[in-house]
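Report on the following structure.
The values are calculated or read from the model by the stated rules, or taken from the named source; none is laboratory data. It should be emphasised that the depicted structure is a prediction, and the values quoted were computed from it without experimental measurement. Note that each Cβ is placed from the backbone with ideal geometry, even for glycine, and that neighbours are counted across all protein chains shown. For the accessible areas, the whole protein counts, side chains as well, though only heavy atoms, and no ligand, DNA or RNA atoms are used. Shrake-Rupley method; radii C 1.70, N 1.55, O 1.52, S 1.80 Å.
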Amino acid sequence: MAERYGGNSFAFRVIADLAAFCRHAMAPLLVLSVLPSITQAAPAEASPRGVFDETCAVAGARCGHLIRPLDPTGGVPGAIRIGFVLYPHRDVSKPPAGTIVAMEGGPGYPTSGTGEAYLELFAPLLADHDLLLVDNRGTGLSQPIDCHALQTMPVPTVSAVGACGRSLGDAADFYGSPLVADDLAAVLDALGIGAVDLYGDSYGTFTAQIFAFRHPDRVKRLVLDGAFPTYGESGFFPNTPTAIRRNLDRICARSAVCRALPGTPLERAERLVARLRRAPLHGAAPNSLGGRVAATVDPAAIGTILYDATYDPVNLREFDPAVRAMLDHDDPLPLLRLAAETGSHSDSRDPSGSAAVESYGLFAAVSCMDYPQLYDMTAAPARRRDQLEQAVAAKRRDEPDLYAPLTIDEWRGLPLDYSILDLCLDWPVHAPPYVPGAPVAKPHDTAAVPTLILSGEYDTTTPPEDAAMAAGAFPGARRVLLANSFHVDALGDEDECAAPIVRRFVASGDPGDMACIDRIPVVRPAADFARRIDDVMPATGERRRDLAAAAAAAATVADALARTWRVSGDTGLGLRGGTFAIERSGDRTRAKLDHVRWAEDLAVSGSAAWDRRSGRVDARLTLSGASDGTIVVNWNERDAEPRATVVGTVGGHPLSARIPAP
């Protein structure tokens with residue numbers, strides 16, 4: 001699976017923000033992005049005095065590297081440079097109390113690129129703890145695999161993945177997690193560091209587990225944030241579609257408005273997919289790049305939107321309202337926009353094509369060596385195709401609803417790094433250092449490793465069922481399920497819940513009081529989409545139309561604010577017209593609306609401010625079109641069933657009311 005492994009409520013800690021940070025923060029660090037990323041001879045092991053580089057572009061840190069054999073057995077010649085960044089503890093008057101090691105996900109993201117987020121997570125512990133970030137071989141500072149065609153093509157293909165692997169030659173076998181784990185151990189040896197506190201997020205939990213299996217004496221405490229099991233998983237990855245279906249119905253069950261609707265979100269999704277099989281939707285819609293693009297909604301697009309909700313809660317909040325807009329009102333635009341936005345931000349590759357920011361080649365190299373496949377990776381590609389089709393045919397017969405509301409074949413239409421099933425059909429395997437798909441035998445000797453495993457309730461990439469499987473390898477592991485949370489919970493934790501739990505566990509081995517879990521705000525469905533203000537029904541009575549206009553204006557604000565952290569630039573487009581300018585500063589976001597149309601007949605201008613940590617939304621708005629007026633609106637996103645206060649003048653009459661928040 002992918003990080004595509006990698007979040008939380010509407011006030012979201014979107015992991016895509018970290019990717020954006022990587023694009024900025026990695027710029028001064030990019031080194032040795034060459035193929036085949038190998039030197040011809042491995043020099044003698046560097047001494048502890050020789051591992052640090054003379055210069056380091058990272059403020060407050062020391063950078064270094066270690067030369068490691070590409071193939072530890074020497075069967076394939078060559079060496080690879082492993083880069084790292086060490087942040088020394090702040091109190092230099094004392095030796096460090098310990099070293100924290102973080103491991104990033106992807107696979108393909110460099111750990112050093114997420115340095116700012118790790119510094120924020122562990123800041124209270126860094127007075128007396130060092131923080132060590134080692135980039136996995138093939139990423140970032142460790143000679144990233146750069147298959148230019150694969151890295152830059154609009155939609156990666158099976159043949160391009162295979163071509164990338166062939167360009168690596170025999171080296172293609174030597175980027176898997178066991179080698180990454182041993183590289184980390186070698187860096188620790190070179191730096192004179194003994195046991196460490198190890199934190200892994202997303203795919204980083206995979207490498208962290210393998211490090212603990214191979215070097216249990218080097219782990220003081222282990223934290224797995226968004227855990228993926230290292231063995232026992234099926235090549236169909238059935239936990240993901242199970243989680244998608246559960247999430248659709250669960251978010252509705254926690255909303256009084258949604259619960260009152262006939263049927264369930266899953267039933268509505270099934271009706272929509274059946275309709276799309278006959279006639280896919282085509283049209284133009286705003287995307288996350290701040291423009292309008294041609295978009296298509298077919299069954300595969302529906303699957304991509306639902307999968308991608310693990311990284312962007314907007315998809316989960318808006319999916320059922322968008323489905324109902326299409327089914328009940330023949331309004332395709334909300335669905336087309338979700339497809340356009342998902343298409344533009346679900347691809348985590350750097351827009352410049354930089355493999356040092358995220359290497360798709362490394363993603364393929366690790367996926368094809370370490371993850372279970374439905375075919376024998378040591379077989380010829382033609383034989384693999386036969387094996388895959390046989391496995392799929394058997395699954396169609398025995399479990400045709402595995403990926404419902406999609407069919408198995410429709411699921412295969414998702415991007416390769418989501419569907420996985422076809423990804424490795426052409427990836428070459430030569431003389432692998434371990435059996436592909438089995439990077440570790442059933443683990444043992446981990447009982448002495450204190451382990452904390454965090455799961456987000458709405459995580460579809462590494463669902464809670466995956467965490468349960470991972471926990472089986474660590475006797476006594478403490479599992480924590482965070483309700484209303486998504487994929488990877490401690491990084492960028494605006495709820496101040498997962499991060500303190502992690503810090504307490506690292507500091508003492510005890511996660512401490514976890515009552516905060518019950519205070520994480522409920523993820524609510526978005527407001528029902530309306531083409532006209534007359535379609536908005538917040539109340540009845542003689543002021544109904546004025547209230548409807550106020551409710552539509554509030555929905556316009558919420559719709560724009562939801563996009564301020566998924567639009568990559570500083571300007572976004574309204575659903576049906578208009579623009580909004582974005583200002584971001586820490587936890588606060590401001591949007592200046594210029595005739596933004598959420599409903600066709602109402603243009604909304606003005607300013608809105610959202611404090612994502614407190615949840616408070618305040619807006620001053622001017623309405624024009626089918627209704628005119630000026631209003632002040634505020635509500636709190638962190639309330640379970642929030643009400644919005646509206647004060648002002650609408651339609652020439654004073655208005656003071658409380659209405660359901662959008």
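This table checks each residue for (1) in a helix (DSSP H, G or I); (2) modelled with pLDDT under 95; (3) among the β-branched types (Val, Ile, Thr).
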{"position": "Phe122", "(1), (2), (3)": "yes, no, no"}
{"position": "Leu132", "(1), (2), (3)": "no, no, no"}
{"position": "Arg137", "(1), (2), (3)": "no, no, no"}
{"position": "Gln143", "(1), (2), (3)": "no, no, no"}
{"position": "Ser159", "(1), (2), (3)": "yes, no, no"}
{"position": "Tyr175", "(1), (2), (3)": "no, no, no"}
{"position": "Val180", "(1), (2), (3)": "yes, no, yes"}
{"position": "Asp189", "(1), (2), (3)": "yes, no, no"}
Contact list, first residue from the range 365-394 and under 30 Å from Asn136 (Cα atoms) and among the acidic types (Asp, Glu), second anywhere and open to solvent by 10 Å² or more (accessible area, probe 1.4 Å) and part of a helix (DSSP H, G or I), beta-carbon distance below 7 Å, six or more apart or interchain, is Asp376/Gln387
### Yes/no for Leu491 being open to solvent by less than 10 Å² (accessible area, probe 1.4 Å) and either assigned to a loop (DSSP other than H, G, I, E, B) or under 24 Å from Arg317 (Cβ atoms) (or both)
yes
Restricting the range 90-111 to residues that are modelled with pLDDT under 95 and charged (D, E, K, R), the one least open to solvent (accessible area, probe 1.4 Å) turns out to be Asp91
Scanning the range 328-341 for residues that are among the hydrophobic types (A, V, I, L, M, F, W, C) and out of contact with any helix residue (DSSP H, G or I) (no Cβ under 6 Å at 6 or more places or on another chain), the one surrounded by the fewest Cβ atoms within 10 Å (Cβ to Cβ) turns out to be Leu333
Expected output for the range 491-503 (first residue farther than 20 Å from Thr99 by Cα, partner open to solvent by 20 Å² or more (accessible area, probe 1.4 Å) and of a type outside the set (A, V, I, L, M, F, W, C), Cβ below 6 Å, 6+ apart or cross-chain) is Glu494/Arg613
Can you say whether Gly194 is assigned to a loop (DSSP other than H, G, I, E, B) and within 23 Å of Phe505 (Cβ to Cβ), as far as the supplied structure shows? yes
Of (1) in a strand (DSSP E or B); (2) basic (Lys, Arg); (3) under 27 Å from Cys258 (Cβ atoms), Arg620 satisfies every one except (3)
Picked from the range 527-538 (must be crowded, with 24+ Cβ neighbours inside 10 Å and in a loop (DSSP other than H, G, I, E, B)), the residue modelled with the highest pLDDT is Phe529
Is the range 69-89 home to any residue that is of a type in the set (A, V, I, L, M) and either in a helix (DSSP H, G or I) or open to solvent by 50 Å² or more (accessible area, probe 1.4 Å) (or both)? no
Taking the range 633-662 and keeping residues closer than 20 Å to Arg613 by Cα, touching a helix residue (DSSP H, G or I) at 6+ places or on another chain (Cβ under 9 Å) and either in a strand (DSSP E or B) or among the hydrophobic types (A, V, I, L, M, F, W, C) (or both) leaves Val633, Trp635, Ala644, Ala661
| task | Please indicate, with yes or no, whether at least one residue in the range 285-294 is open to solvent by 30 Å² or more (accessible area, probe 1.4 Å) and over 25 Å from Arg412 (Cα atoms). | result | yes
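Tell me whether the range 213-230 contains one or more residues that are part of a strand (DSSP E or B), of a type in the set (D, E, K, R) and crowded, with 24+ Cβ neighbours inside 10 Å. Before you say what the answer is, go through the steps one by one.
Of the range 213-230, the ones part of a strand (DSSP E or B) are 219-225.
Of the ones still in play, those that are also of a type in the set (D, E, K, R) are 220-221, 225.
Next, from what is left, pick out any that are crowded, with 24+ Cβ neighbours inside 10 Å: 225.
For the range 213-230, residues part of a strand (DSSP E or B), of a type in the set (D, E, K, R) and crowded, with 24+ Cβ neighbours inside 10 Å: present.
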Per the list (1) over 26 Å from the mean Cα position of the chain (by Cα); (2) open to solvent by 40 Å² or more (accessible area, probe 1.4 Å), residue check on Ala185 breaks on (2)
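Among Leu306, Leu276, which is the only one that is surrounded by 15 or more Cβ atoms within 10 Å (Cβ to Cβ) and closer than 29 Å to Ser568 by Cα?
Numbers: Leu276 fails: closer than 29 Å to Ser568 by Cα.
Only one candidate passes the filter, namely Leu306.
Just wondering, is there one or more residues in the range 546-562 that are within 28 Å of Gly629 (Cβ to Cβ) and assigned to a loop (DSSP other than H, G, I, E, B)?
First, pick out the residues of the range 546-562 that are within 28 Å of Gly629 (Cβ to Cβ): 546-562.
This time we only want the ones that are assigned to a loop (DSSP other than H, G, I, E, B), so: none.
For the range 546-562, residues within 28 Å of Gly629 (Cβ to Cβ) and assigned to a loop (DSSP other than H, G, I, E, B): absent.
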inquiry  = Regarding the range 593-600, can at least one residue be identified that is in contact with an Asp or Glu (Cβ under 7 Å, 6 or more places away or on another chain), at pLDDT 95 or above and aliphatic (A, V, I, L, M)?
reply    = no
Taking the range 254-283 and keeping residues in a helix (DSSP H, G or I), modelled with pLDDT of 95 or more and closer than 25 Å to Ala483 by Cα leaves Pro265, Leu266, Glu267, Arg268, Ala269
Of those in the range 284-325 that are aromatic (Phe, Trp, Tyr) and either touching a Leu at 6+ places or on another chain (Cβ under 8 Å) or in a helix (DSSP H, G or I) (or both), the residue farthest from Cys252 (Cα to Cα) is Tyr307
(1) under 28 Å from Thr446 (Cα atoms); (2) open to solvent by 10 Å² or more (accessible area, probe 1.4 Å) all hold for Pro154 apart from (1)
Of the residues in the range 379-396, those that are of a type in the set (D, E, K, R) and either open to solvent by less than 50 Å² (accessible area, probe 1.4 Å) or within 16 Å of Trp411 (Cα to Cα) (or both) number 4
Of the listed residues (Ile80, Ile15), the one being of a type in the set (Val, Ile, Thr) and at pLDDT 50 or above is Ile80
Discussion item. Quick check on the range 597-609. Is at least one of its residues under 29 Å from Pro351 (Cβ atoms) and either over 28 Å from the mean Cα position of the chain (by Cα) or assigned to a loop (DSSP other than H, G, I, E, B) (or both)?
Written reply: yes
Just to be sure before I move on: is Pro475 within 16 Å of the chain's Cα centre (by Cα) and open to solvent by 10 Å² or more (accessible area, probe 1.4 Å) in the structure I sent? no
Counting only residues that are at pLDDT 95 or above and over 30 Å from Leu188 (Cα atoms), the range 219-248 contains a total of 15
field: Qualifying residue in the range 539-562 (condition: charged (D, E, K, R), farther than 16 Å from Val650 by Cβ and at pLDDT 95 or above)
entry: yes
Selection from the range 438-469 of residues in contact with a strand residue (DSSP E or B) (Cβ under 8 Å, 6 or more places away or on another chain) and either farther than 30 Å from Arg524 by Cα or polar (S, T, N, Q) (or both) yields Val449, Pro450, Thr451, Ser455, Thr462
Determine whether Gly200 is open to solvent by less than 10 Å² (accessible area, probe 1.4 Å) and part of a helix (DSSP H, G or I).
no
Condition set open to solvent by 40 Å² or more (accessible area, probe 1.4 Å) and within 30 Å of the chain's Cα centre (by Cα), scope the range 612-635, selection modelled with the lowest pLDDT: answer is Arg613
